[in-house]
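Chemist: Quick one: structure below, then a few questions.
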Amino acid sequence: MNAAARIVAIVLLATTTAWATAQTSSAAEPSALRVCLPSDDAPRSNRDQSAGLDVDVARLLARALSRPLQLVWLPELGEIDEVSDFNFRPLLAEACDALLSVPGVEALGGYRQALKLSTPYYGAAYELIPETAAWQWGEPAPGTIAVMANSVAHVAIDAAGLPWSMRPTTRDIAHAVATGEASIGLVWGPDLSELDDPRATTFAPPPVLRWNQHVATRRDDPLLMDVNRVFGEPNFTAEIDAILEHHGVPAHAPFESVYSPEALRAIEPH
């Protein structure tokens, strides 16, 4: 082999080795799990602190999938999305791979053909305060019920013919109960994270006031199969419960029956 041939052989060997090394390195480094998160939506997520319930679940999921985690902070919609109340646009544009705490197919709105939901990994519902309250849905109310204005709970209470008092925030509901302006209050469970008052653990939220929470992915993304596999692992439920407890959110296993527009329309006055 002459000198020129030897130089060509060396160059080819070096190029092949570099390519093989790059392929091996790429194969050894899994792609990041990119999770979309609202920038300021306590207790789900807070961009300034990189903290929240969904942040912790994302970390748990990434660890279970042996993938590094990349948090993708969602911008404000800036305009009304007539297709869905959630900002699914970055997910659809492949800026991220998943969005957490999606409360069922209804939340997908007009994106149902493009997105798909995982199996549920926890349940969230309206909860009763104060802790000593003994009322159950279907019974006469012990007095006025404080409830968030224009929420599903407000619509359900009104449809049931129960006395209600609209309040603008969760804290206002708690204040109304504490001062006697209302006898009891119905509060969205995750919002209890901002209150010091515990819920009435004996209250059983009816199906019309409860939702299962899911991970949303693009319909054709194989990530969904991996997520469902993780959710089916025996220790995952206990880890989710621990995260919920840490953030002051009532822990419910996924419900067998949940809210539907039909259930809301079917409510009859007491």
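Chemist: Those residues that are free of Cβ contacts under 8 Å to residues at least 60 places away in the same chain, part of a strand (DSSP E or B) and out of contact with any helix residue (DSSP H, G or I) (no Cβ under 7 Å at 6 or more places or on another chain), I need them from the stretch 30-62; list them, please.
Modeler: 38, 40, 41, 46, 51
Chemist: Also, quick follow-up: Of the residues 61, 128, which single one is modelled with pLDDT of 95 or more, buried (at least 22 other Cβ atoms within 10 Å of the Cβ), more than 30 Å from residue 178 (Cα to Cα) and not small (Gly, Ala, Ser)?
Modeler: One residue alone meets the criteria, 61.
Chemist: Considering only the stretch 142-163, state which residues are in contact (Cβ under 8 Å) with a residue 60 or more places away in the chain, out of contact with any Asp or Glu (no Cβ under 9 Å at 6 or more places or on another chain) and assigned to a loop (DSSP other than H, G, I, E, B).
Modeler: Residue satisfying the conditions is 162 alone.
Chemist: Scan the stretch 141-163 for residues that are open to solvent by 10 Å² or more (accessible area, probe 1.4 Å) and among the aliphatic types (A, V, I, L, M) and jot them down.
Modeler: 141, 148, 149, 152, 155, 159, 162
Chemist: With the structure loaded, tell me whether residue 72 is buried (at least 23 other Cβ atoms within 10 Å of the Cβ) and among the β-branched types (Val, Ile, Thr) or whether it fails that test.
Modeler: So residue 72 does not fit the description; no.
Chemist: Determine, yes or no, whether residue 48 is open to solvent by 10 Å² or more (accessible area, probe 1.4 Å), among the acidic types (Asp, Glu) and touching a strand residue (DSSP E or B) at 6+ places or on another chain (Cβ under 6 Å).
Modeler: no
Chemist: Surrounded by 11 or more Cβ atoms within 10 Å (Cβ to Cβ), modelled with pLDDT of 90 or more and within 26 Å of residue 260 (Cα to Cα), is that true of residue 83?
Modeler: Spelling it out, it is not the case that residue 83 is surrounded by 11 or more Cβ atoms within 10 Å (Cβ to Cβ), modelled with pLDDT of 90 or more and within 26 Å of residue 260 (Cα to Cα).
Chemist: Somewhere in the stretch 196-214, is a residue within 28 Å of residue 92 (Cβ to Cβ) and either touching a helix residue (DSSP H, G or I) at 6+ places or on another chain (Cβ under 7 Å) or hydroxyl-bearing (Ser, Thr, Tyr) (or both)?
Modeler: no
Chemist: Further, regarding this structure: Look at residue 171 and say whether it is among the basic types (Lys, Arg) and either over 20 Å from the mean Cα position of the chain (by Cα) or closer than 18 Å to residue 135 by Cα (or both).
Modeler: Yes.
Chemist: Which strands (runs of 3 or more DSSP E) does the stretch 164-270 wholly contain that include 3 or more residues that are of a type outside the set (A, V, I, L, M) and either surrounded by fewer than 16 Cβ atoms within 10 Å (Cβ to Cβ) or touching a residue at least 40 places away in the same chain (Cβ under 8 Å) (or both)?
Modeler: Result: 210-218.
Chemist: Right, next: Considering only the stretch 105-112, I want to know if a residue exists there that is part of a helix (DSSP H, G or I), of a type in the set (Asp, Glu), more than 30 Å from residue 180 (Cα to Cα) and open to solvent by 20 Å² or more (accessible area, probe 1.4 Å).
Modeler: Scanning the stretch 105-112 turns up at least one residue that is part of a helix (DSSP H, G or I), of a type in the set (Asp, Glu), more than 30 Å from residue 180 (Cα to Cα) and open to solvent by 20 Å² or more (accessible area, probe 1.4 Å).
Chemist: Report whether or not residue 134 is more than 30 Å from residue 147 (Cα to Cα), hydrophobic (A, V, I, L, M, F, W, C) and either part of a helix (DSSP H, G or I) or open to solvent by 40 Å² or more (accessible area, probe 1.4 Å) (or both).
Modeler: Considered against the rule, which asks whether it is more than 30 Å from residue 147 (Cα to Cα), hydrophobic (A, V, I, L, M, F, W, C) and either part of a helix (DSSP H, G or I) or open to solvent by 40 Å² or more (accessible area, probe 1.4 Å) (or both), residue 134 comes out as no.
The values are calculated or read from the model by the stated rules, or taken from the named source; none is laboratory data. Note that the structure is predicted; figures quoted are calculated from it, not measured. Virtual Cβ from ideal backbone geometry, glycine too; neighbours counted across all protein chains shown. Note: accessible area is taken over every heavy atom of the protein model, side chains too, but ligands, DNA and RNA are not part of it. Shrake-Rupley method; radii C 1.70, N 1.55, O 1.52, S 1.80 Å.
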